[in-house]
Amino acid sequence: MQARATLMIEHRLIERMLSVIKDMLLEIQSKQKVNPVLVDMVIDFIKFYADRTHHGKEEDIFFRELDKKKLSAEDRKIMNELIDEHEYARNITNALADANKRYRNGEKAALKEITDKFHALVEFYPGHIDKEDNSFFPASRNYFKDEEDKKMLEEFWEFDRKLIHEKYEALIGILER
């Protein structure tokens, strides 16, 4: 398996979450309320899986290795766009978390912001994923020898192995405060 295939597989799980969010939006529209615990679960998925796990592998490993290569101007431009898009997704998710906290605390008007941020996520991710899967990842394959690709894949696995410990060490830290 190539390193980029791992990233593409992760995209399929993110797409499944987007479907869940679309279903939640329909429920919000019909009931004019949302379960903040379910919103927290979406936020956890986006922050930990989509951002820390998936974007983490892209930025901390894949893009880092690409940055060492003599990329075409177009490929460098797209890589920089992708990094900016990851930051955009982080900002949306942080705003979603803030709105959900306010909603949980009784601010009913925060429901509109939750809805807006959910819409932003379902509008953003499909184009971002398509850009990576069908443009950037195929072009990036030309920059790596097979042994370099294999080394990245091994680093991906090590990255994933350490994440569960990172997540729960952080959780304990929060609970200890």
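Just so it is clear, none of the values below were taken in a lab; they were calculated from the coordinates. Keep in mind it's a predicted model, so treat the numbers as computed, not measured. Cβ: placed from backbone, ideal geometry, glycine included. Neighbour counts: every protein chain shown.
General observations
- Scanning region 83-102 for residues that are farther than 17 Å from residue 18 by Cα, of a type in the set (Ser, Thr, Tyr) and either assigned to a helix (DSSP H, G or I) or touching a Lys or Arg at 6+ places or on another chain (Cβ under 8 Å) (or both) turns up nothing.
- Residue match in region 149-172 (condition: surrounded by fewer than 11 Cβ atoms within 10 Å (Cβ to Cβ), over 21 Å from the mean Cα position of the chain (by Cα) and on the phi < 0 side of the Ramachandran plot): yes
Per-residue answers, yes or no, for (1) in contact (Cβ under 8 Å) with a residue 24 or more places away in the chain; (2) part of a helix (DSSP H, G or I); (3) of a type in the set (A, V, I, L, M):
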{"residue": "9", "(1), (2), (3)": "no, yes, yes"}
{"residue": "34", "(1), (2), (3)": "yes, no, yes"}
{"residue": "41", "(1), (2), (3)": "no, yes, yes"}
{"residue": "56", "(1), (2), (3)": "yes, yes, no"}
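- Just one of the listed residues (123, 169, 155) is of a type in the set (Asp, Glu) and within 19 Å of residue 10 (Cβ to Cβ), namely 155.
- For region 116-148, a residue qualifies if it is of a type in the set (Phe, Trp, Tyr), under 20 Å from the mean Cα position of the chain (by Cα) and surrounded by 17 or more Cβ atoms within 10 Å (Cβ to Cβ), and the qualifying residues are 118, 125, 136, 137.
- Qualifying residues in region 103-115 (those that are surrounded by 14 or more Cβ atoms within 10 Å (Cβ to Cβ) and either acidic (Asp, Glu) or touching a Leu at 6+ places or on another chain (Cβ under 9 Å) (or both)) - the one farthest from residue 23 (Cα to Cα): 103
- Every condition in (1) surrounded by fewer than 17 Cβ atoms within 10 Å (Cβ to Cβ); (2) hydrophobic (A, V, I, L, M, F, W, C); (3) in contact (Cβ under 8 Å) with a residue 60 or more places away in the chain holds for residue 83 except the one numbered (3).
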